[in-house]
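Asker: The structure under discussion is supplied below as structure tokens; questions concerning it will follow.
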Amino acid sequence: MYFCAVNTLKGKKAAYFTLGCKLNFAETSELGLQLRRLGVEPVGRGETADICIVNTCSVTEVADAKCRQAIHRMVRKHAGALVVVTGCYAQLRPERLADIDGVDLVLGSEQKGEVVRYICERLAMMPEERALARHEFHTSRTADIRTFMPSCSCGDRTRYFLKVQDGCDYYCTYCTIPFARGRSRNGSIASLVRQAEEAAAAGGREIVITGVNIGDFGRTTGERFVDLLRALDKVDGIQRFRISSIEPNLLTDEVLEFCASSRAFMPHFHIPLQSGSDDVLRLMHRRYDTQFFADKVSRVHQLMPDAFIGVDVIVGTRGETDAFFSQSLSFMQQLDVAQYHVFSYSERPGTKALQIPLSVSPAEKHARSQQVLALSEEKLRSFYAKYMGSTRPVLLEHTRHPGLMHGFTDNYVRVELQVDSRQADNCIVPVRLGEWNAEKDALRGEISDT
């Protein structure tokens with residue numbers, strides 16, 4: 001595939017840094033795997049890398065700042081390395097990143113699948129040629145971002161992240177993702193099943209299905225999301241599947257009914273609400289209202305009474321008056337969900353939200369965020385309390401502390417266990433759930449004989 005790769009890359013050391021979503025982590029893992037096949041090893045502690053890859057996020061201004069800080073750290077730590085920056089921030093602001101001292105290449109979303117080729121070409125250059133070519137960037141227009149880069153990364157020994165879809169056609173007013181990642185596209189069901197089978201052969205027991213807008217699966221192949229789920233459910237060796245964030249209007253009854261009756265899909269959903277005010281949802285150009293969302297949550301519990309439902313919320317968006325936020329908070333209080341993931345609105349260049357006149361002060365955003373976080377803590381404790389004293393299956397994972405294991409139940413309750421140090425991880429065992437641990441971030445558990 002890369003004719004210069006064997007001599008150019010063999011024996012090199014690479015450092016990786018990823019910011020943002022699970023999809024970014026999956027893609028970085030795939031890049032690392034490609035380079036490893038060509039003789040590039042991950043850099044060890046105290047070593048200096050020959051190649052640095054930074055996969056960026058641009059969901060907020062804070063994310064942008066963290067990306068720039070990470071790049072500066074990489075350049076300082078690995079002096080003389082070939083520094084490649086890719087990801088959403090690279091697509092949206094390539095010239096800004098290319099201007100950072102020490103950056104060699106900035107590659108946009110369409111070029112992400114060709115990172116290895118670009119690296120080979122740069123490393124094959126003479127030093128003086130590399131110096132002249134520094135600060136170069138390659139991006140494509142949003143309309144031209146069409147390539148689907150497959151990836152199935154191992155987050156740890158027990159959990160894999162399978163990318164099934166990329167891009168988004170929704171263009172919500174606050175969001176830059178469609179500009180950064182392009183139109184919705186996906187791999188084929190057959191190719192994704194093969195990746196899941198490879199994960200199972202490597203010892204994986206749980207797969208999280210990831211993407212930008214995964215419920216929109218099928219745009220490029222004419223296939224359906226529910227048919228992908230049916231095919232994955234038949235993969236031998238994978239005992240658990242979880243669906244990452246899915247739009248409420250795409251979490252159809254057909255999908256829910258299949259998950260409820262499936263072999264391996266867990267009662268665990270992550271559904272973005274973004275606001276509990278219908279007026280704000282209209283400003284955001286979301287594709288549902290609060291009644292639709294409430295009905296969806298009720299339907300999940302009707303089919304899967306023990307389901308964990310996590311919900312994304314944005315506070316302080318343009319146009320969110322005090323009254324609208326009060327409506328939103330009241331709606332969220334009534335919802336039977338397990339947790340809220342709270343984000344403070346961040347203005348993004350080029351988004352339609354900037355045309356909305358009313359803006360919310362940073363202090364008020366913080367105050368609103370704290371109110372929703374407090375509600376989330378209350379919801380989570382209430383959800384966990386329901387399962388104290390019950391026995392549920394837990395996928396065991398070793399920690400850094402001998403004799404201590406963590407894991408999650410089928411419905412995503414985090415569990416801490418004191419076990420015999422010989423107890424194997426990466427297996428599912430029945431665990432009786434007790435009270436909170438000392439850190440109040442998991443329930444204590446004991447492996448049950450029944």
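Asker: Taking only the stretch 282-333 into account, find how many residues are among the charged types (D, E, K, R), in contact (Cβ under 8 Å) with a residue 40 or more places away in the chain and either farther than 30 Å from Ala363 by Cα or in a helix (DSSP H, G or I) (or both). Show your work before the answer.
Answerer: Step one: filter the stretch 282-333 for residues among the charged types (D, E, K, R), giving 282, 286-287, 289, 295-296, 299, 306, 312, 318, 320, 322.
Within this subset, residues satisfying the condition of being in contact (Cβ under 8 Å) with a residue 40 or more places away in the chain are 286-287, 296, 299, 306, 312, 318, 320.
Then keep just the ones that are either farther than 30 Å from Ala363 by Cα or in a helix (DSSP H, G or I) (or both); that gives 296, 299, 306.
Final tally of qualifying residues: 3.
Asker: Just to be sure before I move on: is Thr321 surrounded by fewer than 20 Cβ atoms within 10 Å (Cβ to Cβ), more than 29 Å from Pro430 (Cα to Cα) and more than 26 Å from the chain's Cα centre (by Cα) in the structure I sent? Can you show your working first?
Answerer: On the way: surrounded by fewer than 20 Cβ atoms within 10 Å (Cβ to Cβ): yes; more than 29 Å from Pro430 (Cα to Cα): yes; more than 26 Å from the chain's Cα centre (by Cα): yes.
In short, yes.
Asker: Would you check which residues across the stretch 45-98 are touching a Phe, Trp or Tyr at 6+ places or on another chain (Cβ under 7 Å) and part of a helix (DSSP H, G or I) and list them?
Answerer: Asp64, Cys67, Ala70, Met74, Leu92, Pro94, Glu95, Leu97, Ala98
Asker: To continue, here is another question. Just for the stretch 305-316: of the residues that are more than 13 Å from Val337 (Cβ to Cβ) and either among the small types (Gly, Ala, Ser) or in contact with a helix residue (DSSP H, G or I) (Cβ under 6 Å, 6 or more places away or on another chain) (or both), which one is surrounded by the fewest Cβ atoms within 10 Å (Cβ to Cβ)?
Answerer: Gly316
Asker: If a residue has to be closer than 27 Å to Thr351 by Cα, hydroxyl-bearing (Ser, Thr, Tyr) and buried (at least 17 other Cβ atoms within 10 Å of the Cβ) to count, how many in the stretch 112-146 make the cut?
Answerer: Looking only at that region, the number is 2.
Asker: Now for a separate question. In the stretch 331-372, how many are out of contact with any helix residue (DSSP H, G or I) (no Cβ under 6 Å at 6 or more places or on another chain), closer than 17 Å to Cys175 by Cα and among the hydroxyl-bearing types (Ser, Thr, Tyr)?
Answerer: Total meeting the criteria: 3.
Asker: Let me ask something else about it. Mind checking which residues of the stretch 394-449 are in contact with a Pro (Cβ under 7 Å, 6 or more places away or on another chain) and farther than 23 Å from Ile238 by Cα?
Answerer: Ser421
Asker: If only one of Val372, Val360 is assigned by TED's automatic domain parsing to the domain that holds Phe292, in contact with a Lys or Arg (Cβ under 8 Å, 6 or more places away or on another chain) and modelled with pLDDT of 95 or more, which one is it?
Answerer: On the way: Val372 fails: in contact with a Lys or Arg (Cβ under 8 Å, 6 or more places away or on another chain).
Within the list Val372, Val360, the selection yields Val360.
Asker: For Val116, state whether it is outside any loop (DSSP other than H, G, I, E, B) and touching a strand residue (DSSP E or B) at 6+ places or on another chain (Cβ under 8 Å).
Answerer: Numbers: outside any loop (DSSP other than H, G, I, E, B): yes; touching a strand residue (DSSP E or B) at 6+ places or on another chain (Cβ under 8 Å): no.
In short, no.
Asker: When you check Arg159 against the structure, is it over 25 Å from the mean Cα position of the chain (by Cα), among the basic types (Lys, Arg) and either over 24 Å from Thr210 (Cβ atoms) or surrounded by 15 or more Cβ atoms within 10 Å (Cβ to Cβ) (or both), yes or no? Lay out the reasoning, then the answer.
Answerer: Numbers: over 25 Å from the mean Cα position of the chain (by Cα): no; among the basic types (Lys, Arg): yes; either over 24 Å from Thr210 (Cβ atoms) or surrounded by 15 or more Cβ atoms within 10 Å (Cβ to Cβ) (or both): yes.
Judged against the criteria, Arg159 is not a match.
Asker: Right, something else. When you go through (1) closer than 30 Å to Asp410 by Cβ; (2) surrounded by 19 or more Cβ atoms within 10 Å (Cβ to Cβ) one by one for Cys154, which number turns out not to apply?
Answerer: (2)
Asker: Further question on the same structure: Within the stretch 334-359, restricting attention to residues that are assigned to a helix (DSSP H, G or I) and of a type in the set (S, T, N, Q), which residue is surrounded by the most Cβ atoms within 10 Å (Cβ to Cβ)?
Answerer: Taking the stretch 334-359 and keeping what is assigned to a helix (DSSP H, G or I), we get 334, 352-355.
Okay, now just the ones that are also of a type in the set (S, T, N, Q), so 334, 355.
On the way: Gln334: 11, Gln355: 9.
Here the answer is Gln334.
The values are calculated or read from the model by the stated rules, or taken from the named source; none is laboratory data. What you see is a predicted model, and the numbers here were worked out from it, not measured in a lab. Virtual Cβ from ideal backbone geometry, glycine too; neighbours counted across all protein chains shown.
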